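Q: Dropping a structure here in structure tokens format, bear with me for questions.
The values are calculated or read from the model by the stated rules, or taken from the named source; none is laboratory data. For clarity, every value in this text was computed on a predicted model and none was experimentally measured. Note that we place each Cβ from the backbone using ideal geometry, even for glycine, and neighbour counts take in every protein chain shown.
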């Protein structure tokens, strides 16, 4: 591109525009969306999660209020040290008031520590670990969308109830996979089922799961529990279909996102049981949200993680306005306390609340992936099998070991 | 049912067969690497990225042009091969006189760029690619259920490996090529266009990677990282087989596939590591690799 004087002047003028409201002395809330912009979680969170925060600002009608919102974003590269470094810099230098998203449990936990040290508000949507509201909970952290406990409870219990009484677990051999296996196995047994075997697959570096799948098949179990995520899940489902496992066993994905199903295609993914707390085509409110959001991501539908960024940004705005912008900016822990005291209500998760340990409470939905015949078009992927009510979906308040609960 | 070391025999046979299938991929990928290293002395770290590109081209042909698997098997290697020519002419050819390390750095950088661009354009969770209708279904072998497609992969890989070996070892073209790597100046003096031959060799090696990419597309997730997962193992295969040895890379490819398959039965957690264990042992005993010539 040739740079003419006109484009240079134009660019200079455009870049000066955002400064105008600041000069008008409107108080500004600063959102930092810390997410995976270039790695495995880019599709389920990533740029669309940043757009979801923007959507919340628009839907809340910030433009017509006495304050402004600025959104910045950064890539944590799935490295805890990078994520914590950015969060620290945002707090110290950039004046960020609230940190949103943070997919990846390791980064999510690291950022929780920073939020506490710097007394900022931190609402996590994308991380799976239930430790965020358990042993690692703090007064600055809220966990919005889902966690390992909720996923394994909903999927394992429902599948056992519908006849899937014997399980074989395919486990990604690292902390996350093992945690999922532990939780899922305990729910299978609590529901009267039995875990007849498991195999740990090396992580990362396993692309071919066929050996493990044959071991699963020869175990004679009725259900194959997939305690893995991302490309591992996609590869194992694809290969289970290829080896005819899907005709003799039911597949239960313990952490599968809408974008994974999209990537698998319905031909392969059909019949899979999945738990999510949001699906774009769940009810009138979620559909309304998804239609409003469409211009920001025309080729895809939001995942529950992206919806979580929207919902948590909205709740934060509501809280900040209720307590006064200056107050909200001053004290992160006080703002989080206020967020916990106000009921949540948004188009994505409906009415809910935030518990003392920071856990946001809403129903969990068990879906089954549609067959290509049942699907009416792109992204029409799920049918609802069961709903776990909000008060049962998550780990009981006193069972997580969160120090805030005793106080 | 009889057992071997406490494991039911059918399970063991099944794993052996799966090992051969995975070995087919290792062999095909390491073959391309060995050809490029043997002829060009370039450690082509971009091989995994070009494997991924092959799969993406196949996906793109189907998605945008409706061109199916069989044509993709021909077209994707051609497209990626042409891309290889551009890479070689534009960048790699400038490094032949320098140390191996520079070629390694350049191709590693290229791999990162290609994978980054793919991730930026297509996201990270990958694309669906169906098994072609004529290769769907499975055969019951008694001890296991063998998907027809996996059988096809082994056959295709074996044919391709054999063809490459014949071209390089048994044809006049291959003879000239081998002579050019021994003494480029002398061969050039006979009126052979050596730089062109080298470019085409690189393109050929890269096309092999793309061919493997198309074969892999229906089995693995077509995503920007698919090559990165393979490349490390494939490098180990090449090192064990002996850098630049074609026979070595094919035999070790299949052999390591089998070893890996058996490890998955006896001690699954070690299955990603066992290849590197073998590599260490081989390097200690025979530094030039199993089939390599000591320099």
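Q: Checking the conditions here, which among A:220, A:177, A:192, A:163 is assigned by TED's automatic domain parsing to the domain that holds residue A:232 and free of Cβ contacts under 8 Å to residues at least 40 places away in the same chain?
A: On the way: A:220 fails: free of Cβ contacts under 8 Å to residues at least 40 places away in the same chain; A:177 fails: free of Cβ contacts under 8 Å to residues at least 40 places away in the same chain; A:163 fails: free of Cβ contacts under 8 Å to residues at least 40 places away in the same chain.
Result of the check over A:220, A:177, A:192, A:163: A:192.
Q: Any idea which residue in the range B:143-155 is surrounded by the fewest Cβ atoms within 10 Å (Cβ to Cβ), counting only those that are away from chain A (no Cβ under 11 Å) and out of contact with any helix residue (DSSP H, G or I) (no Cβ under 6 Å at 6 or more places or on another chain)?
A: The residue in question is B:155.
Q: Hand me the list of strands (runs of 3 or more DSSP E) wholly inside the range A:70-187 holding 1 or more residues that are more than 16 Å from residue A:254 (Cα to Cα).
A: On the way: elements: A:98-101, A:121-124, A:141-143, A:166-172.
It comes to A:98-101, A:121-124, A:141-143.
Q: Test each condition in (1) farther than 15 Å from residue B:53 by Cβ; (2) surrounded by fewer than 24 Cβ atoms within 10 Å (Cβ to Cβ); (3) in contact with a helix residue (DSSP H, G or I) (Cβ under 7 Å, 6 or more places away or on another chain) for residue B:203 and report the one that comes out false.
A: Among (1) farther than 15 Å from residue B:53 by Cβ; (2) surrounded by fewer than 24 Cβ atoms within 10 Å (Cβ to Cβ); (3) in contact with a helix residue (DSSP H, G or I) (Cβ under 7 Å, 6 or more places away or on another chain), residue B:203 violates only (1).
Q: Restricting to the range A:366-381, count the residues that are surrounded by 13 or more Cβ atoms within 10 Å (Cβ to Cβ) and out of contact with any helix residue (DSSP H, G or I) (no Cβ under 8 Å at 6 or more places or on another chain). Show your work before the answer.
A: Residues of the range A:366-381 surrounded by 13 or more Cβ atoms within 10 Å (Cβ to Cβ): A:366-371, A:374-375, A:379-381.
Imposing the further condition that a residue be out of contact with any helix residue (DSSP H, G or I) (no Cβ under 8 Å at 6 or more places or on another chain) reduces the set to A:367-368, A:374, A:380.
Number satisfying all stated conditions: 4.
Q: When you go through A:313, A:307, A:326, A:320 one by one, which is the residue that is away from every other protein chain (no Cβ under 14 Å), part of a helix (DSSP H, G or I) and surrounded by fewer than 22 Cβ atoms within 10 Å (Cβ to Cβ)? Even if it seems obvious, please write down each step before you answer.
A: Numbers: A:313 fails: surrounded by fewer than 22 Cβ atoms within 10 Å (Cβ to Cβ); A:307 fails: surrounded by fewer than 22 Cβ atoms within 10 Å (Cβ to Cβ); A:320 fails: surrounded by fewer than 22 Cβ atoms within 10 Å (Cβ to Cβ).
One residue alone meets the criteria, A:326.
Q: Could you list, in sequence order, all residues of the range B:131-142 that are within 10 Å of chain A (Cβ to nearest Cβ), modelled with pLDDT under 85 and touching a helix residue (DSSP H, G or I) at 6+ places or on another chain (Cβ under 8 Å)? Even if it seems obvious, please write down each step before you answer.
A: Let us first name the residues in the range B:131-142 that are within 10 Å of chain A (Cβ to nearest Cβ), namely B:131, B:136-138, B:140.
Checking which are modelled with pLDDT under 85 leaves us with B:136-138, B:140.
Once the filter is applied, which keeps residues that are within 10 Å of chain A (Cβ to nearest Cβ), modelled with pLDDT under 85 and touching a helix residue (DSSP H, G or I) at 6+ places or on another chain (Cβ under 8 Å), the range B:131-142 yields B:136, B:137, B:138.
Q: For residue A:337, indicate whether it is over 29 Å from residue A:296 (Cβ atoms) and not in a helix (DSSP H, G or I). Before you say what the answer is, go through the steps one by one.
A: Details: over 29 Å from residue A:296 (Cβ atoms): yes; not in a helix (DSSP H, G or I): no.
Criteria not met by residue A:337.
Q: For the range B:63-90, name all the residues that are surrounded by 15 or more Cβ atoms within 10 Å (Cβ to Cβ) and in a loop (DSSP other than H, G, I, E, B).
A: B:67, B:68 - these are the residues of the range B:63-90 that are surrounded by 15 or more Cβ atoms within 10 Å (Cβ to Cβ) and in a loop (DSSP other than H, G, I, E, B).
Q: Moving on. Scan (1) in contact (Cβ under 8 Å) with a residue 60 or more places away in the chain; (2) surrounded by fewer than 14 Cβ atoms within 10 Å (Cβ to Cβ); (3) in contact with a strand residue (DSSP E or B) (Cβ under 8 Å, 6 or more places away or on another chain) for the single condition residue A:385 breaks and write down its number.
A: Among (1) in contact (Cβ under 8 Å) with a residue 60 or more places away in the chain; (2) surrounded by fewer than 14 Cβ atoms within 10 Å (Cβ to Cβ); (3) in contact with a strand residue (DSSP E or B) (Cβ under 8 Å, 6 or more places away or on another chain), the lone unmet condition for residue A:385 is (2).
Q: Would you check if residue B:228 is crowded, with 24+ Cβ neighbours inside 10 Å and either within 12 Å of the chain's Cα centre (by Cα) or within 14 Å of another protein chain (Cβ to nearest Cβ) (or both)? Show your work before the answer.
A: Numbers: crowded, with 24+ Cβ neighbours inside 10 Å: no; either within 12 Å of the chain's Cα centre (by Cα) or within 14 Å of another protein chain (Cβ to nearest Cβ) (or both): yes.
No.
Q: Moving to a separate point now. Being farther than 27 Å from residue B:151 by Cβ and at pLDDT below 90 narrows it down to one residue among B:98, B:105, B:90; which is it? Break it down stepwise before answering.
A: Numbers: B:105 fails: at pLDDT below 90; B:90 fails: at pLDDT below 90.
Just one listed residue meets the conditions, B:98.
Q: A follow-up question, please. So, in the range A:396-407, exactly how many residues are in a loop (DSSP other than H, G, I, E, B) and either surrounded by fewer than 18 Cβ atoms within 10 Å (Cβ to Cβ) or in the same structural domain as residue A:130 (by TED's automatic domain parsing) (or both)? If you could, list the steps in order and put the result at the bottom.
A: If we filter the range A:396-407 for residues that are in a loop (DSSP other than H, G, I, E, B), which is where we start, we get A:396, A:400-402, A:407.
From the residues that got through so far, the ones that are either surrounded by fewer than 18 Cβ atoms within 10 Å (Cβ to Cβ) or in the same structural domain as residue A:130 (by TED's automatic domain parsing) (or both) too are A:396, A:401, A:407.
Adding up the residues that qualify gives 3.
Q: On to the next question. Determine if the range B:35-48 includes at least one residue that is part of a helix (DSSP H, G or I) and within 14 Å of chain A (Cβ to nearest Cβ).
A: Checked the range B:35-48: at least one residue is part of a helix (DSSP H, G or I) and within 14 Å of chain A (Cβ to nearest Cβ).
Q: Would you say residue A:297 is touching a helix residue (DSSP H, G or I) at 6+ places or on another chain (Cβ under 6 Å) and surrounded by fewer than 24 Cβ atoms within 10 Å (Cβ to Cβ)? Give the steps one after another, and end with the answer.
A: Numbers: touching a helix residue (DSSP H, G or I) at 6+ places or on another chain (Cβ under 6 Å): yes; surrounded by fewer than 24 Cβ atoms within 10 Å (Cβ to Cβ): yes.
Criteria met by residue A:297.
Q: Suppose we keep only residues that are buried (at least 24 other Cβ atoms within 10 Å of the Cβ) and touching a helix residue (DSSP H, G or I) at 6+ places or on another chain (Cβ under 9 Å) within the range A:256-267. Which one would you say is nearest to the other protein chains (Cβ to nearest Cβ)? Walk me through it before giving the result.
A: So the first thing to find is which residues in the range A:256-267 are buried (at least 24 other Cβ atoms within 10 Å of the Cβ), and the list is A:256-261, A:263-264.
Keeping just the survivors that are touching a helix residue (DSSP H, G or I) at 6+ places or on another chain (Cβ under 9 Å) gives A:256-258, A:260-261, A:263-264.
On the way: A:256: 11, A:257: 8, A:258: 10, A:260: 6, A:261: 10, A:263: 4, A:264: 6 Å.
Per the stated criteria, the residue is A:263.
Q: Specify which of the listed residues (A:192, A:205) is within 14 Å of chain B (Cβ to nearest Cβ), modelled with pLDDT under 95 and at positive phi. Write out each step before concluding.
A: Working: A:192 fails: within 14 Å of chain B (Cβ to nearest Cβ).
Result: A:205 is the single residue among A:192, A:205 that is within 14 Å of chain B (Cβ to nearest Cβ), modelled with pLDDT under 95 and at positive phi.
Q: May I pose another question? Looking at (1) closer than 15 Å to residue B:217 by Cα; (2) more than 7 Å from every other protein chain (Cβ to nearest Cβ); (3) surrounded by 13 or more Cβ atoms within 10 Å (Cβ to Cβ), find the lone condition where residue B:161 falls short.
A: (1)
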